[in-house]
1. Using the Cβ atoms and a cut-off under 15 Å, what net charge is assigned to the surroundings of C:Asp335, where Lys and Arg are +1 and Asp and Glu are -1?
2. How big is the antiparallel share of DSSP beta bridges in the protein assembly as shown, given as a percent to the nearest 5?
3. Choose one answer from C:Arg286, C:Arg368, C:Arg409: the residue with the largest mean-square fluctuation in a GNM of chain C with alpha-carbon springs under 10 Å.
4. Measure off 7 Å from each Cα along the Cα-to-Cβ vector at A:Arg187 and A:Asp174, then give the distance between these two points in nanometres to one decimal.
5. Ignoring solvent entirely, what values of log10 I(q)/I(0) come out of the Debye formula for the protein assembly as shown at 0.05, 0.09, 0.10 Å⁻¹ when each Cα is a single scatterer?
6. Could you please report the charge total around C:Asp426, scoring K, R as +1 and D, E as -1 over all other residues with beta-carbon less than 11 angstrom from its beta-carbon?
7. Once you have a ≥ b ≥ c as the square roots of the Cα gyration tensor eigenvalues for chain A, tell me rounded if a/c is under 1.5, and otherwise prolate or oblate according to whether a/b is larger than b/c.
8. Rounded, prolate or oblate: which fits segment C:360-410, taking a ≥ b ≥ c as square roots of the Cα gyration tensor eigenvalues, rounded meaning a/c under 1.5, else prolate when a/b beats b/c?
Amino acid sequence: MIIQAESPVLEIHDMTVSYDQSPVLWNVDFTLPSGQLIGVLGPNGAGKSTLIKAIMGLVEPSGGYVKVFDRSLAEVRSRISYVPQRESVDWNFPASVLDVVIMGTYGKLGLFKRPGKREKEVALASLDQVGMSAFVNRQISELSGGQQQRVFLARALAQDADLYLMDEPFAGVDMATEATIFELLKRMTKEGKTVVVVHHDIYSAMTYFDWMIMLNLHLVASGPKNQVVTEELLRKTYGGKLNLLSKVSEIVRKQDFNPLES
Amino acid sequence: MSFDQNAFLIILTGSLIAISCGLLGVFMMLRKMSMTGDAISHAVLPGIVIGFFVAGSQRGIEVIIGAGLLGILATLIIDWLRQKARVQLDASIGITFTLLFAIGIILINMLANNVDLDQECVLYGEIAYIPIDLWITGSGAVLGPRITYLALLNFTLVAGFIYFFFKELTLTSFDESFGSVIGIPSKGINLALMSMVSYTTVSSFEAVGAILVVALLVVPPATAFLWTKNMMPLIKLTTVLGIAISILGYYLAYLFDSSIAGMMVSVAGVLFLLSALIKGRSRKSAGTSIANI
Amino acid sequence: MDNFIYFFTFQDLSILYVVIGIVLLGIGSAYVGTYSFLDKKALLGDAISHAVLPGICLGFILAGEKNPIYIVTGAFISGGIATFLTSWLKRNTKLSEDAIIASILSVFFGFGIVLLTMIQKGGNPEMAGLNHFIFGNAIAIVEKDLWVYGGLALVIILTLTIYQKEFNLLVFNPDYGKAIGYPMDRIRFGFNILMILSVVIGIQAIGVVLMAALLITPGAAARFWTNNLSKLLILSALFAVISGIAGTYISFIMPQMPTGPWVVVSLSLIALISILFAPKKGTISRFFSRNKYLKKTHKEHLLKALYKNQELHEPPLTIEKIYELYPYQIKEIKDSIDELFKNGLILKNQSIISLTDFGISEAKRVVRLHRLWETYLTEYMNIAPDHVHDSAEKLEHIITPELEAQLERRLNYPQLDPHQENIPRD
């Protein structure tokens, strides 16, 4: 079941993404409404992170396209923010919490300009929102996993975007913090911002999200939570891989080049 | 001890080179590209030799251009092997630099009769000759030691590059994908850094030799990284280490009657291993204390 | 030519020694190197080969002459220390493996240069021989060297052959090896020793700076030709031996030329040939199979267009009409028409193009696959009917008969596709 949004912030048109010539996401096609908290659900290896990366232009889709605010990604870069998975960087990097959060302002700052007082204030305010004010000068390798996750969140907040894409931002975060952060995300959506969150826990997802995207190598469902979270669709999402799809992937992988590229 | 002008010049030049290499090396290390730096510094050799042949001397701009081109060519070959030929990264680096370096050695041997290019000088450098290698203008005016000027120019460009692109370099080193997401030209920054590394390699080869440049590129940043937790202290300590290595290297080489460049690297190595010994152990205890929080 | 015959007929016993040495060395280092290449540890070999220089110098200083036993022992010990330091630093500091390898490499090499200049200034007449260790000079191998270097190469080859199973485990799945009770740490230790030994035996002929090539390049080149480990090992040994002999020959006829660089150049040439011309994995072969595939897609698209035209009972298509349909692919379409005609799939009547019976059946197959995939996308992947065409345009060319049967079963032999068009069957 795929329910289309009216005047969508994000439109994905028949997108197929391959890694090393193996399609990991087949023909995904949906639209997302603005001002909502949107969850991306699916089993491990369902292509959730790939979906986010493809939207952000970090992986090149082999077919289809993405439109954000009805424009191409390059035109609206500064209005989109991204929270990557914690494991994607080396936390031994010589930087303090504040240094990392200020990085969120670099996009608007432009070449040659240095972050100044204003950027520092923005960063401090963002840290305050995620409850990390006490750790401003802490070296990032000395944080716990959940704290590192919150630093990444603060960095995205410092960017002050309209669309936020977050890849597993709650991995390693304790229940109490998770609840506070969800409150924060809710407040943001009330201000008209759209927040897309890759999430692994279906129970908390039911509590917090307004809209759900369910993936399992292909799009199983997309729509308002109470319409798409049905027993049948959940079984389709979590009930193992599609045999036929895996076979097609295998055929594609065995070609000497990627036949899905145009 | 009276002021020894020659010693001062050598140490000054050595420090300038060590700092230029170290500053670039910090970013190479943080990008986990130290071995690419090593590869570039080997790979520029044929460019140096060809430039030398075209210009007829080591002083020509052709040498710098030749080496710069080869440095960029090396990164392009590595990329081509990886993406088009699908060879794994470590092997791509290994194949590329050994081939280019081998070609360089062959060219030196082929042209040995035609040009006055000393294999030893290109490979190991001879910083000791700086005071007598003067820059003389066409009209015969003596302006001072040529290599020191080159090192100063190189240092100015490297420092300027890092000053102006500090935030882009830092961000793309830490989290390249976030960088491209917020619209920072990661590829351009990367190519610029590689070009600076090749240029620095060439500019320094006469003094410390093509092979030993890599030591200055890699070891001071790695040593400083063991002691620091933030970018600014890391950069400052790398700079201080560059100067300390030059001073100690010079006097120890004098004492043992050995190659100055080689001694600088040996000093760097001793400092590195000592730091690893001290910080390596304390890291373990720090690790457990973090786990206990 | 005289030189060539003189060299390869081995009239000169010393040439025979050199060639035997280089053959054993080539096989040994290619063996070890292929394993370390598969283990993605290729650059460790580079670090070790630079790191043996101080050991060579110390061996020379202690012996006072170019004694192979002192030099090999010295090189082995300093290579061993470098390997140990590398793994110690990796375990005990926050430095990345890349920075550690680069640091160890340059520090050991720099220290080696210091010792070298000290020996040089000491004025030992044997010094000239020591310089060969940097870039290699295979011609200088004499009988007494052969016993040491050749003997060690044999040890490496035999050990790798006897313990092949264990080393395979180490490279492909060390965790599994541990789980089934193999002492993986000790196997890793043994492998590191072999790696150091293979570097040590290469320093005389290839030199410390370029020894890494003999470890990395043969395996990387051989990988283009085969997926089978035994074949991979044999092929990489063959590549190493050929380049070894080529390099030796060149420094035989041009005595001022060091051997190492020429070995590396020949090796790289073999690698380039492999990268370009190897069947299947080579870039040229990939280029051709891609071209062939593109041709196939053009032909199939044309068949589809002709079929659809018939299906809709439109007036028959002329060549000009077809060109209008594909304004950007005139040349491709022209080639496709020629080929389809040659293979009896279409008929040309003046400028009118029509399908033969064989052509119709082939066109039906492509249209069927296209429409089946569209149906699958709409029914099983919930994609809107107006969004499924692009994907089907690509998949219709690669779906196999087996998969087609599976699609038919899964969709329960549908009559109509999502656009209410007939799914044609013979």
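Just so it is clear, none of the values below were taken in a lab; they were calculated from the coordinates. Every value quoted in this text rests on a predicted model; they were computed, and no experiment measured them. Every residue, glycine among them, receives a Cβ derived from its backbone with ideal geometry; neighbour counts consider all protein chains shown.
1. Its environment carries a net charge of +4.
2. Approximately 60 percent, going by the DSSP bridge assignments.
3. C:Arg409
4. The answer from the label model is 2.1 nm.
5. The Cα Debye sum returns log10 ratios of -0.38, -1.10, -1.25.
6. It works out to a net charge of +2.
7. Prolate is the answer for chain A, as a/c is 1.5 or above and a/b outweighs b/c.
8. oblate
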